[in-house]
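Input: a single structure, listed below in structure tokens.
Laboratory data are not the source of any read-out in this text; all were calculated from the coordinates shown. In this text, all values refer to a predicted model and were calculated from it rather than measured experimentally. Positions of Cβ are generated from backbone atoms using ideal geometry, with glycine treated the same way; all protein chains shown enter the neighbour counts.
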Amino acid sequence: MKLLVTGGAGFIGSNFIRHMIKFHPGDSIINLDLLTYAGNPENLEEISAHQNYHFVHGNICNYELLDAVIDQFHIDTMVNFAAESHVDRSISKPGLFITTNVLGTQTLLEAAKNKHISKFVQISTDEVYGSLGSDGYFTEKTPLAPNSPYSASKASADMIVRSYSETYGLNINITRCSNNYGPFQFPEKLIPLIMTQALEDRELPVYGDGNNIRDWLFVEDHCAAIDLVLHQGKPGEIYNIGGHHEMRNIDLVKLILDKLNKPQSLIKQVPDRLGHDRRYAIDATKIKTELGWQPQYSFETGINETIRWYLTHQNWWRKIRSREYVD
Ligand SMILES: Cc1cn([C@H]2C[C@H](O)[C@@H](COP(=O)(O)OP(=O)(O)O[C@H]3O[C@H](C)C(=O)[C@H](O)[C@H]3O)O2)c(=O)[nH]c1=O
């Protein structure tokens, strides 16, 4: 396989590339990444010299570049991780999210179609389904009802991906994951934000009443699921991927504080996020029954591993935190 991974210098993308090099060392991986504030070449330092790994600096909105990269590396498969992903930033800069997530995806699809790419996998999110009440789960058939500019941009991209399958016969899959956590996650997201703030004895901002619920998925389990979809996903299908570990934000923050031996007095309730989705929870029955995926990490194992990683990689996150990264 000659695989173009877009956004491979980000959190999930870099974990996925490491996963692929480990389990499919004979495949070529070309990582196209714009290196925005959240993309970090250090995330892939350990494999940067691998003979089957190549990095290209560039934007998925640049059709000419895509065209040239596909030719140069004889690309036959694409996985699109490239996206603006932080909900709070989408509230302050919605236009950027539409450009990258919607127009960027369409540009990639156009290149994939014109170059007869054999498979295109779009990495999406459970946020396209909107918000749940206190019970029920998102299935692949749940109607799309995105609430933030971020989730609306991802839902739009999903629809365009679908249209390239229906109209041009492009072989596509869409994966929709719940909240990821694990090594190399940028410390704007809740778990690494709480850990890094707490380790520096800074305040921990909890939005609103802290009772919003997220379903946590360890990033390596997510990568294994994408690998399965890439190799065995049925053309045109959507697969939900969730950790089936729901937690209220406030309980998660308290658990991390306990594990770090830090006081709960660091918690600071702050005004709620605009349009804040109350609850996400994924029904992952389809990928489990059709492709045989099973998460390998319990939440306890995953969070302990994540905490250990942030404790032993303080240079990585302190360098990032010394820059201005959130508007
Ligand atoms: C940054 C931050 C967040 N929160 C709350 C807001 C959410 O209820 C929860 C998780 O927030 P976070 O921004 O880490 O993640 P989500 O907004 O759920 O979205 C994430 O998971 C999905 C699947 C994606 O698709 C997104 O790309 C990804 O960013 O903690 C706080 O209370 N305080 C904070 O400082």
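If the condition is being more than 10 Å from the ligand (Cβ to nearest atom), within 14 Å of the chain's Cα centre (by Cα) and closer than 20 Å to Pro143 by Cα, then segment 162-202 contributes Ile174, Thr175.
Of the residues making up segment 203-238, those that are touching an Asp or Glu at 6+ places or on another chain (Cβ under 7 Å) and either aromatic (Phe, Trp, Tyr) or away from the ligand (no atom under 14 Å from the Cβ) (or both) are Tyr207, Ile238. Just the residues that are out of contact with any strand residue (DSSP E or B) (no Cβ under 6 Å at 6 or more places or on another chain) and at negative phi, please, taken from segment 208-225. Answer for segment 208-225, where residues must be out of contact with any strand residue (DSSP E or B) (no Cβ under 6 Å at 6 or more places or on another chain) and at negative phi: Asp209, Asn212, Phe218, Glu220, Asp221, Cys223, Ala224. For segment 279-290, which positions are touching a residue at least 60 places away in the same chain (Cβ under 8 Å) and out of contact with any strand residue (DSSP E or B) (no Cβ under 7 Å at 6 or more places or on another chain)? Matches in segment 279-290: Thr285 only. Considering segment 313-323, and only residues there that are assigned to a loop (DSSP other than H, G, I, E, B) and either over 22 Å from Asp221 (Cβ atoms) or in contact with a His (Cβ under 9 Å, 6 or more places away or on another chain) (or both), the residue that is nearest to the ligand (Cβ to nearest atom) turns out to be Arg323.
Let's see how each residue does on (1) within 16 Å of the ligand (Cβ to nearest atom); (2) in a helix (DSSP H, G or I); (3) on the phi > 0 side of the Ramachandran plot; (4) under 22 Å from the mean Cα position of the chain (by Cα):
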{"site": "Lys259", "(1), (2), (3), (4)": "no, yes, no, no"}
{"site": "Gly275", "(1), (2), (3), (4)": "yes, no, yes, yes"}
{"site": "Thr289", "(1), (2), (3), (4)": "no, yes, no, no"}
{"site": "Gln294", "(1), (2), (3), (4)": "no, no, no, yes"}
{"site": "Tyr297", "(1), (2), (3), (4)": "no, no, no, yes"}
{"site": "Gly302", "(1), (2), (3), (4)": "yes, yes, no, yes"}
{"site": "Leu311", "(1), (2), (3), (4)": "no, yes, no, no"}
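Among the conditions (1) in a helix (DSSP H, G or I); (2) within 29 Å of Ile226 (Cα to Cα); (3) in contact (Cβ under 8 Å) with a residue 12 or more places away in the chain; (4) of a type outside the set (A, V, I, L, M), the only one that Lys254 does not satisfy is (2). Here the condition is being touching a residue at least 12 places away in the same chain (Cβ under 8 Å), β-branched (Val, Ile, Thr), within 16 Å of Gln122 (Cα to Cα) and touching a Phe, Trp or Tyr at 6+ places or on another chain (Cβ under 8 Å); of Ile21, Ile17, it holds for Ile17 alone.
Assuming Glu45 fulfils every condition listed in (1) within 20 Å of Thr107 (Cα to Cα); (2) over 16 Å from the mean Cα position of the chain (by Cα) apart from one, which condition is it? So the condition that Glu45 fails would be (1). Within 14 Å of the ligand (Cβ to nearest atom), among the hydrophobic types (A, V, I, L, M, F, W, C) and within 20 Å of the chain's Cα centre (by Cα): is that true of Met159 in this structure? Spelling it out, it is not the case that Met159 is within 14 Å of the ligand (Cβ to nearest atom), among the hydrophobic types (A, V, I, L, M, F, W, C) and within 20 Å of the chain's Cα centre (by Cα). Against the numbered list (1) closer than 18 Å to Trp309 by Cβ; (2) in a loop (DSSP other than H, G, I, E, B); (3) of a type in the set (Phe, Trp, Tyr), Phe16 comes up short only at (2).
For segment 83-121, the candidate set comprises residues that are within 15 Å of the ligand (Cβ to nearest atom) and either of a type in the set (Lys, Arg) or more than 19 Å from the chain's Cα centre (by Cα) (or both); within that set, the residue that is nearest to Asn180 (Cα to Cα) is Arg89.
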